[in-house]
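No value in this document is a laboratory result; all are computed from the given coordinates. Fair warning: this is a prediction, and the values are worked out from it, not measured in the lab. Here Cβ is always computed from backbone atoms with ideal geometry, including for glycine, and neighbour counts include all displayed protein chains.
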Amino acid sequence: MLRRLTLAAAALVAASALALTACSAGGSPAPSATAGTPDADASVAIRLVLEPGNLDIRETAGAALDQILIDNVYQGLVSRTPEQDIVPALASDYEVSPDGLTYTFTLREGVTFHNGEELTPADVVWSLTQVRDTATYRDSARLAHVTGIAAEGQTITLTLDQPDSTLLWSLTGRAGLILKQDDTIDRKTAANGTGPYRLGTWKQGDSISFERNDDYWGDKAPVTEVVFDYIPDTQAALTGALAGELDVVTGFDATLKDQIEGNGDFVLETGASTDKGTLAMNSTKAPLDDVRVRQAIRQAIDKKSIVAALGAGQTQYGPIPELDPGYEDLSDTAPFDPEAAKKLLADANAEDLTLTLTLYSGYGTTVSQILVSNLADVGITLKVNPVEFPTWLNDVYINKDYDLSFVLHTEARDFENWANPDYYFTYDNPEVQRLYQESVAATDEGDAADLLAQAAAIVADDQAADWLYNGASVVAVGTHVTGMPTVNVNERLNLAELAKSKG
């Protein structure tokens, strides 16, 4: 599923018996460490990197939509905190039966859509049914085990044909968003949600603005407006910040910390993330169909040098990052060892290789330059082919016409892609697919995570790809701004508590 990746700079919940209540939509963002007297009339300018092609969150791929629209404009029955905890949203509470086959949600009363119409249980049933039954909607397959969607009063009941430990997590994303039944808006250019912000204006190629929803059912947003300025170039973003044109800079370069903090107006904050700098290898093509060649590539790459060059993040050696269930240290599957890499290439009769790395041009050159140098050290010539995103989408993602490709996959709990032989990774292992399905069907959280760990170890042992680093969320926050999330900001950006002080 393409929503699993973002081109910035750029599931697993147990179905055991639960009964949770809360009064807020989604979790509190990891707060920025700044202070001031909030200005209710303030406008906050936030630099983002990748602009969405359109706003249709049901049918358009790409995490650029999830990042800004979920939680802020559109909401589901449940949401997730930046730390990946699941919390009530449009449902005031929920419960999962011990057998994992029945999910019961209590829908809040007094909620209205941005067009003023009331949120009804019928809207919930319609929204979830539409997603489940429309294969072209993003994440439709995530509701495949939901056989019944019904409402009685304010109670929404989902029934399953088998346990699905990923369902609650799926409902915090696109699969669970609640829209107005039979809404006639053009979702490519307009939005009608229940969140704390309404869509303002979209100046394509420049910015998207949100306006405070003064009829919001929860606590009102502390600022009147948020403007997302799309500035791919980091130096341009730095210049804009120092000129006072930006209040927050996401996707920032951690090596520029001294420059942006120099005048005391910004603080550079780093938070954990599920960003995975992934080097995909097309194992359907020679010589990458030889596991020795793939392992040689992995052992030729000095991941510590990549992390050092980026100035933030940590090394990663398997498909599951540390924040996600099933994580294990898999560094022994391909430790940095250029001499071992050379021997593997010789054993495979694959010396003096020439390979092409196809990647989105917006990533810059830091990672690709290190890859070129590292692979040259073991006799592999790497040609770098930077392309625009539509070209990458067509050539790599759709047609799988590539040798190597680099993508920063931001989505949490996305191991399912390694269990999908049709995904652009081209990885096909029936044992991994079996373990993943068993994990999904598990009703114990520990069992589900253990099955994922087993599957991830196989993927790493198969040298299915390389995971160059687990990125950090690097955000420069103005000292006059509070409530800015700093964890997993490439994935989701809940701005419900964003505030800006006067002056």
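A few comments on the model shown:
- Counting only the Cα atoms, the stretch 363-409 fills a convex hull of 81 Å³ per residue.
- Ranked packing of 300-307, 244-251, most packed first, by mean Cβ within 10 Å: 244-251, 300-307
- Two-site label geometry, ASP206 and ASP219: point separation in nm, points 7 Å out along Cα→Cβ: 3.4
- Fully extending the segment from THR315 to ASP265 would add 14.9 nm, taking 0.36 nm per residue of separation and subtracting the current Cα-Cα distance.
- Relative contact order [Cα under 8 Å, 6+ residues apart], the stretch 353-465, whole percent: 21
- Extension gain from ARG187 to PHE389, taking 0.36 nm per residue of separation minus the Cα-Cα distance: 70.5 nm
- Centroid-to-centroid separation of the stretch 288-313 and the stretch 483-501 [C-alpha atoms, Å]: 32
- More than 21 angstrom apart: percent of Cα pairs within the stretch 356-483: 55
- Virtual spin-label span in nm between SER305 and ALA61, 7 Å along Cα→Cβ: 3.2
- In this structure, the residue pairs whose Cα-Cα separation is over 29 Å, taken from LYS188/LYS220; LYS276/LYS502; LYS180/LYS276, are LYS276/LYS502; LYS180/LYS276.
- Between the C-alpha center of the stretch 325-393 and that of the stretch 86-164 there is a gap of 43 Å.
- Set of lysines with alpha-carbon distance to LYS285 below 23 Å, sequence-local pairs under 8 removed: LYS342, LYS343, LYS383, LYS400
- Global size of the stretch 276-470 as Cα Rg and Dmax, reported in angstrom: 16.1, 50
- Charge dipole (Cα centre; +1 on Lys/Arg Cβ, -1 on Asp/Glu Cβ; no other charges) of the chain amounts to roughly 740 debye.
- Distance-filtered residues of the stretch 365-398 - backbone nitrogen under 19 Å, label point 7 angstrom along THR239 Cα→Cβ: 365
- The residue list SER170, LEU493, GLY379 was ranked by how far each Cα lies along the charge dipole of the chain toward its positive end, using unit charges on Cβ atoms, and GLY379 comes out on top.
- Sites ASP161 and SER361 - FRET efficiency at Förster radius 35 Å, r taken between beta-carbons, to 0.05: 0.20
- Pairs of alpha carbons in the chain separated by more than 38 Å make up 26% of all such pairs.
- Values of log10 I(q)/I(0), in the order q = 0.15 Å⁻¹, for the stretch 89-141 under a Debye, Cα-only, solvent-free model: -0.57
- Nearest-0.05 FRET efficiency for ARG434 and LYS285, computed from C-beta distance (R0 25 Å): 0.45
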